[in-house]
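This report concerns only the one structure given below.
The values are calculated or read from the model by the stated rules, or taken from the named source; none is laboratory data. Small disclaimer: the values here were computed from a predicted structure and weren't measured. With ideal geometry, Cβ positions are generated from the backbone for all residues, glycine too; neighbour counts draw on all protein chains shown. To get the accessible areas, we keep the full protein, side chains included, count just its heavy atoms, and leave off ligands, DNA and RNA. Shrake-Rupley method; radii C 1.70, N 1.55, O 1.52, S 1.80 Å.
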Amino acid sequence: MKILSIDTSCDETSAAVTDGRRVLSNVLYSQVLIHAKWGGVVPSIAKRAHEERIDWVISEAVRRSGSFAELFSRDQLASRKNDRMDSIDYIAVTYGPGLAIALEVGIKKAKELAERYNKKLIAVNHMEGHIYSSFVQSKNGRPERPFEFPYIVLLISGAHTELVLWKNHLEYEILSETVDDAAGEALDKAARILGFGYPGGPVMESLAKEVDNEDKYKFPRPMRRHDQPNFSFSGLKTSFLYYVKQMPEEEKAKNLKYLASSFQEAIVDSLLFKTEQAIKQTGVSWVVVGGGVAANLYLRHRLRALVKKHKGSVYFPPFKYLTGDNATMIGVAAHYKALSGLFVEDFSKLDRVPRLSL
Ligand code: KG4
Ligand code: ZN
């Protein structure tokens with residue numbers, strides 16, 4: 001089953017062709033450099049950039065998937081060369097959560113294509129995509145990773161921090177979520193306080209690594225009581241801000257790496273504490289991680305140690321691009337929706353849902 005998927009939820013214009021769990025092509029046009037000078041994603045600029053690039057991104061994804069050539073003979077190919085969409089079974093698109101005017105670009109394009117080529121349409125929750133991202137396979141079916149439900153899913157992106165009990169395909173129960181900032185957002189803000197640009201997560205990670213992740217400042221760990229299931233990072237961010245503000249410039253400059261490292265440590269500690277709480281509460285010690293912050297190698301190292309202690313296992317997205325936003329994960333989640341017959345009945349009723357939850 002071949003699916004052409006589209007994601008324009010934030011600052012990446014992405015289209016992919018997947019076949020079940022296998023990725024045949026993934027094209028990603030990142031806007032990171034455009035938004036960097038504003039210190040974060042500007043919705044109106046994102047919308048325009050998506051509009052300018054989406055046609056190229058989609059046609060490249062279809063062309064690179066090679067699926068067209070496999071399905072038709074040489075003669076047929078010659079007569080159909082302008083109609084590569086023949087080999088695609090379904091079209092999938094992210095309808096939330098995300099930036100409203102950015103989501104709209106992908107949805108409009110998906111509807112247009114589905115109507116023009118007479119394909120069924122599948123609407124996918126972006127976070128569901130991040131959940132499935134650890135199960136994406138290469139063209140050759142690697143890694144194998146058979147599904148063995150249930151899992152605890154730790155979702156950590158720029159806008160979300162959630163722990164989810166993943167009971168079966170398309171069956172989720174939210175165990176905890178952030179009451180204010182997301183983990184990625186907190187890292188971005190802390191990096192900004194230290195004078196670095198967006199996105200801040202990778203900068204914080206590499207600064208921390210240079211001082212062996214030393215926790216020199218021991219910033220507060222929020223929500224440590226067992227009767228508090230949720231995450232909260234804004235208190236940590238505020239205490240970081242005040243601490244940095246009162247530091248003499250020279251001392252701050254000398255200790256940048258330690259500040260970054262101590263802040264990252266507080267974030268990682270909080271993520272681990274709640275993940276362990278979820279493991280204990282559910283008895284499930286197979287953990288799946290998704291979202292931009294899942295790229296962080298220090299976090300991966302700490303999570304591996306945690307699940308080992310609980311005799312479990314942890315899966316991360318197998319290829320680096322799958323930690324960030326991409327259409328491949330949307331196509332794989334869509335595959336399971338298609339298997340359950342979950343198609344959009346009436347295209348005119350499909351609209352973006354910026355605050356969509358699982
Ligand atoms: O999932 P994502 O690409 O976009 C959203 O859907 O939000 O996540 C972006 C977030 C940003 O906050 C970025 O700073 C963070 O992921 N991030 C990282 C790393 N790479 C990206 N955080 C920590 N360590 C990293 N290596
Ligand atoms: Zn995302």
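Things to note:
- Over the stretch 267-348, Cα pairs under 8 Å with separation of 6+ residues give a relative contact order of 28 percent.
- Listed by chain and number, the aspartates and glutamates whose alpha-carbon sits under 15 Å from that of LYS120, ignoring those within fewer than 8 places in the same chain, are ASP86, ASP89, GLU112, GLU345, ASP346.
- By accessible area, using a 1.4 Å probe on protein heavy atoms only, the stretch 90-142 has 44% of its surface on carbon and sulfur.
- Cα gyration tensor of the stretch 244-358 - equivalent ellipsoid semi-axes, whole Å, descending: 36, 22, 14
- Kirkwood-based Rg to Rh ratio, the stretch 203-311, C-alpha trace: 1.01
- Largest first, the extents of the alpha carbon coordinates of the stretch 126-179 on the three principal axes equal 41, 23, 13 Å.
- DSSP-defined beta bridges in the chain - what % are antiparallel, rounded to 5: 60
- The chain, accessible area per residue, ligands and nucleic acids excluded (1.4 Å, Å²): 45
- Positive-end residue of ALA110, ALA190, SER270, charge dipole of the chain with Cβ unit charges: SER270
- Debye intensity ratio I(q)/I(0), log10, the chain, q values 0.12 Å⁻¹ (C-alpha model): -0.87
- Rg and Dmax of the stretch 280-345, Cα atoms only, in Å: 15.0, 47
- Here the stretch 255-344 has 55 percent of its accessible surface on carbon and sulfur atoms, given a 1.4 Å probe and all protein chains in place.
- For the chain, averaging the sequence separation of C-alpha pairs within contact (under 8 Å, six or more residues apart) and dividing by the residue count gives a relative contact order of 25 percent.
- Computed log₁₀ I(q)/I(0) - Debye formula, equal Cα scatterers, no solvent, the stretch 151-248, q 0.10, 0.17, 0.19 Å⁻¹: -0.33, -0.86, -1.02
- To the nearest ten degrees, helix 256-282 and the longest principal axis of the Cα atoms of the chain are 70 degrees apart.
- The smallest convex shape that holds all Cα atoms of the stretch 167-221, its convex hull, gives 154 Å³ per residue.
- Of LYS274/LYS309; LYS37/LYS320; LYS119/LYS139; LYS167/LYS309; LYS254/LYS274, pairs whose Cα-Cα distance is over 26 Å: LYS254/LYS274
- Rg and Dmax of the stretch 1-43, based on Cα coordinates, read 13.2, 41 Å.
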